[in-house]
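Peer 1: Starting off with a structure, shown below.
The values are calculated or read from the model by the stated rules, or taken from the named source; none is laboratory data. The model shown is predicted, which means the values in this text are computed figures rather than measured ones. Please note: Cβ atoms are built from the backbone with ideal geometry, for glycine as well, and neighbour counts cover all protein chains shown. Surface areas here come from the heavy atoms of the whole protein model, side chains and all, with no ligands, DNA or RNA. Shrake-Rupley method; radii C 1.70, N 1.55, O 1.52, S 1.80 Å.
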Amino acid sequence: MCGIYGIVRFDGRPIESATLSAMGRVTSHRGPDDEGQHIDGAAAIGMRRLSIIDLSGGHQPLSNEDESIWLVCNGEVYNFRELRSALQAKGHRFKTGSDCEVLIHLYEEYGDDFVQHLNGMYGFALWDGRRKRMLVGRDRLGIKPIYIYRSGQTLAFSSEAKAFLALPNFSVNVDHGALRSFIGLGYVPAPQSIFRGVEKLPTASIMVIEGGKTTIRRYWNVPATIDRTTTEQDWIEQVRARLEQSVRMQMVSDVPIGAFLSGGVDSSAVVAYMAAASNLPIKTYAIGFDGGGADSFYNELPYARRVADLFKTDHHEIIVRPDVVSLLPRLAWHMDEPIADTAFVTTYLVSEFARKDVTVILSGVGGDELFGGYRRYLGSRYQSYFEHLPRGMRQLLARLARRLPSDRHSPLLNVARLARGFLGSVDLPFDERYRSYVEVFPRAEQTQLLRANGADTWDALTNGFRMAQADDALNRMLTVDAETQLPDDLLLLTDKMSMAVSLECRVPLLDHELVELAARMPESIKIRGGRLKHLMKEAMRDKLPADILDRKKRGFGMPMGAWLKRELAQVMRHLLSERAVNARGFFNHASISDLIAAHDANRVDGTDRLLALLNFEVWCRIFLDRRSPEDVTDELKEVAA
């Protein structure tokens, strides 16, 4: 695990070692244990290393026998032992015990198709000195990020966008198309980034730089063919076998390892299989909130304790009421791009807590996107019921829904929020109805909010549905999520927030063979009778108790919406004041003022929308104004006091 970076100059000018080192210093948190670089004239690669496997001998960059091929790699290759044995049998000689060295010899053996042999999470850069070509690649699910910056005759890449701040003449400007995407979705979808001139390499893609040209090709897609012949019991057995194998593979480590545990089905399943594979108690880490009302609504510690007791783990809890004023600037710096998902705060806090004991952590991220765990996946089911009602009654319910109060932190008002969302979109076409479930600012509100038009920009959801070829509704939605929200929201924040404290986070539910298995399951197997994740829950029936399997879903977030009405209200009004908003010139303040009033009165749940605006303004103060996170924190603390 590390941070990688590199530069290619098309005009032949040599690259200075100092420039490469400066990129590394900006991302030193990703690799505090070691650094290295290789420069070959107008091409260079570098890395900062967090030592996980082959602690003493895994220094990067790695090279082949004659040093004609060089590699830096961020991540882990879980099947490296099998690959290594097969390559040695073909005559390849290895210099280290590093898992990443197999990439070099696979490239020698199979050319650019070597990635098809990998099982893992990775972002890599491979320099072929003889052919003068650079390959930069990203894993199938987008667990590890890669940013690309092009300027004139220079192309640079890095695990984090902020590394480009070290480049001469790099200036920070907002990409208006990416800003519109961010306002719409609450994250910036690839290939866009919030930095003008910077893009993200899409998932499952390789960029080839050769002969002054750059091409990007995709090497994997989520399968679209549905298997309706396999029985439910056979699916259960296949999921159990693959999940067990995935967890075992991802437990390989030469440093201490643990697991995040929320008490939900996914994290509990990971812990169950870890416990079965280990002779020692598994270290588990959970986070909760100290308080009543909205705080208790997000407190999952009792469920985590239940699972920890069941598997006799070495369990650790952190009970917090986060000092969000101090956290937001620091986390905005580490995130690189603004985000509207409160999970970035909780992920950072529990990562920081776990890092005191372990260097590697396993997470249950991805289970909802594989097996159908979000309420929005039930929209088509409810739609079929709704269509049987008389037209007049449907219209009446839709009108009444617009008047329902909305607050996600109250069980009753949260039901009203969900009903309002469903009834407000029930007459839309399938694609647009799904868009209404996942958008932060609906498109009509985007137009009112944004001063710049940006109407002809990239639309990630349209592209996602274009790629979603499955012939049932659920699997189309799951594919769209795998192309958008999963890599560019959940996995990005997981990577950035864990690596901010030099913690490697692995996600065994996103083993690509398990993903391919789940993609072939029909909708009726994944969700049955309105029961989300039916197949996954049945697969875990022999390991987890009913109160864990059948508990109501709770997101891995925090009561941000409630805090914006109370503890954070003053800070919010400072960051989103008319003066501040008008000075930036991106938004119309009247729309923001109306949103704050509606959120305070529970007319809408504006949590995600307000958090998006807050985080964007904090991002602007750090990256546009070039202020340190500490300076912005001091400002906000003074306002809060």
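Peer 1: Mind listing whichever residues of the stretch 318-340 are in contact with a Gly (Cβ under 7 Å, 6 or more places away or on another chain) and at pLDDT below 95?
Peer 2: Passing the criteria: 319, 321.
Peer 1: Would it be correct to say that residue 192 is of a type in the set (S, T, N, Q) and within 21 Å of residue 100 (Cα to Cα)? Let's see the steps before the verdict.
Peer 2: On the way: of a type in the set (S, T, N, Q): yes; within 21 Å of residue 100 (Cα to Cα): no.
For residue 192, the condition - of a type in the set (S, T, N, Q) and within 21 Å of residue 100 (Cα to Cα) - is not met.
Peer 1: From the list 541, 531, pick out the single residue that is of a type in the set (Lys, Arg) and at pLDDT below 95.
Peer 2: Step by step, each of 541, 531 is checked, and only 531 is of a type in the set (Lys, Arg) and at pLDDT below 95.
Peer 1: Any chance the stretch 273-289 includes a residue that's within 21 Å of residue 532 (Cα to Cα), open to solvent by less than 30 Å² (accessible area, probe 1.4 Å) and either part of a loop (DSSP other than H, G, I, E, B) or at pLDDT 95 or above (or both)?
Peer 2: So far as the stretch 273-289 goes, no, none of its residues is within 21 Å of residue 532 (Cα to Cα), open to solvent by less than 30 Å² (accessible area, probe 1.4 Å) and either part of a loop (DSSP other than H, G, I, E, B) or at pLDDT 95 or above (or both).
Peer 1: Now a separate question. Hey, among the residues in the stretch 197-231 that are surrounded by 15 or more Cβ atoms within 10 Å (Cβ to Cβ) and among the charged types (D, E, K, R), which one's farthest from residue 145 (Cα to Cα)?
Peer 2: My answer is 199.
Peer 1: Hey, another quick one. If you go through the stretch 450-498 one residue at a time, how many are open to solvent by less than 20 Å² (accessible area, probe 1.4 Å) and closer than 30 Å to residue 359 by Cα?
Peer 2: 15
Peer 1: Tell me which residues, restricted to the stretch 140-154, are in contact with a Phe, Trp or Tyr (Cβ under 7 Å, 6 or more places away or on another chain) and not polar (S, T, N, Q).
Peer 2: Scanning the stretch 140-154 gives 140, 144, 146, 147, 148, 149.
Peer 1: For the stretch 249-266, which residues satisfy the criterion of being open to solvent by 10 Å² or more (accessible area, probe 1.4 Å) and closer than 14 Å to residue 315 by Cβ?
Peer 2: Residues satisfying the conditions are 260, 262.
Peer 1: Those residues that are open to solvent by 10 Å² or more (accessible area, probe 1.4 Å) and modelled with pLDDT under 90, I need them from the stretch 290-306; list them, please.
Peer 2: Residues satisfying the conditions are 290, 291, 292, 293, 294, 296, 297, 298, 299, 300.
Peer 1: Can you tell me which residues in the stretch 161-189 are surrounded by fewer than 24 Cβ atoms within 10 Å (Cβ to Cβ) and charged (D, E, K, R)?
Peer 2: Hits for the stretch 161-189 are 162, 175.
Conditions (1) without any contact (Cβ under 8 Å) to a residue 24 or more places away in the chain; (2) touching a helix residue (DSSP H, G or I) at 6+ places or on another chain (Cβ under 7 Å); (3) closer than 26 Å to residue 169 by Cα, marked per residue:
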site	(1), (2), (3)
181	no, yes, no
215	yes, no, yes
238	no, yes, no
244	no, yes, no
251	no, yes, no
256	no, no, no
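Peer 1: With 551, 466 as the choices, which residue is more than 30 Å from residue 32 (Cα to Cα) and either outside any helix (DSSP H, G or I) or modelled with pLDDT of 95 or more (or both)?
Peer 2: 551
Peer 1: Also, I was wondering about something else. Just a yes or no: is a residue in the stretch 127-141 among the basic types (Lys, Arg) and surrounded by 20 or more Cβ atoms within 10 Å (Cβ to Cβ)?
Peer 2: Here is the first cut: in the stretch 127-141, the residues among the basic types (Lys, Arg) are 130-133, 138, 140.
With the extra rule that they be surrounded by 20 or more Cβ atoms within 10 Å (Cβ to Cβ), the set shrinks to 138, 140.
Checking the stretch 127-141: at least one residue is among the basic types (Lys, Arg) and surrounded by 20 or more Cβ atoms within 10 Å (Cβ to Cβ).
Peer 1: Do the conditions hold for residue 370, that is, is it buried (at least 19 other Cβ atoms within 10 Å of the Cβ) and modelled with pLDDT of 65 or more?
Peer 2: Criteria met by residue 370.
Here's the yes/no breakdown for (1) among the acidic types (Asp, Glu); (2) over 21 Å from residue 164 (Cβ atoms); (3) without any contact (Cβ under 8 Å) to a residue 60 or more places away in the chain; (4) open to solvent by 50 Å² or more (accessible area, probe 1.4 Å):
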| site | (1), (2), (3), (4) |
| --- | --- |
| 18 | no, no, yes, yes |
| 22 | no, no, no, no |
| 60 | no, no, yes, no |
| 83 | no, yes, yes, no |
| 89 | no, yes, yes, yes |
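Peer 1: Another question, if that's okay. Any idea which residue in the stretch 197-256 is farthest from residue 460 (Cα to Cα), counting only those that are of a type in the set (Val, Ile, Thr) and assigned to a strand (DSSP E or B)?
Peer 2: Checking each candidate, the answer is 209.
Peer 1: I've got another one for you. Among the residues of the stretch 307-360, write down those that are open to solvent by 10 Å² or more (accessible area, probe 1.4 Å), part of a loop (DSSP other than H, G, I, E, B), touching a residue at least 12 places away in the same chain (Cβ under 8 Å) and more than 27 Å from residue 174 (Cα to Cα).
Peer 2: Result: 311, 312, 313, 321, 322, 355, 357, 359.
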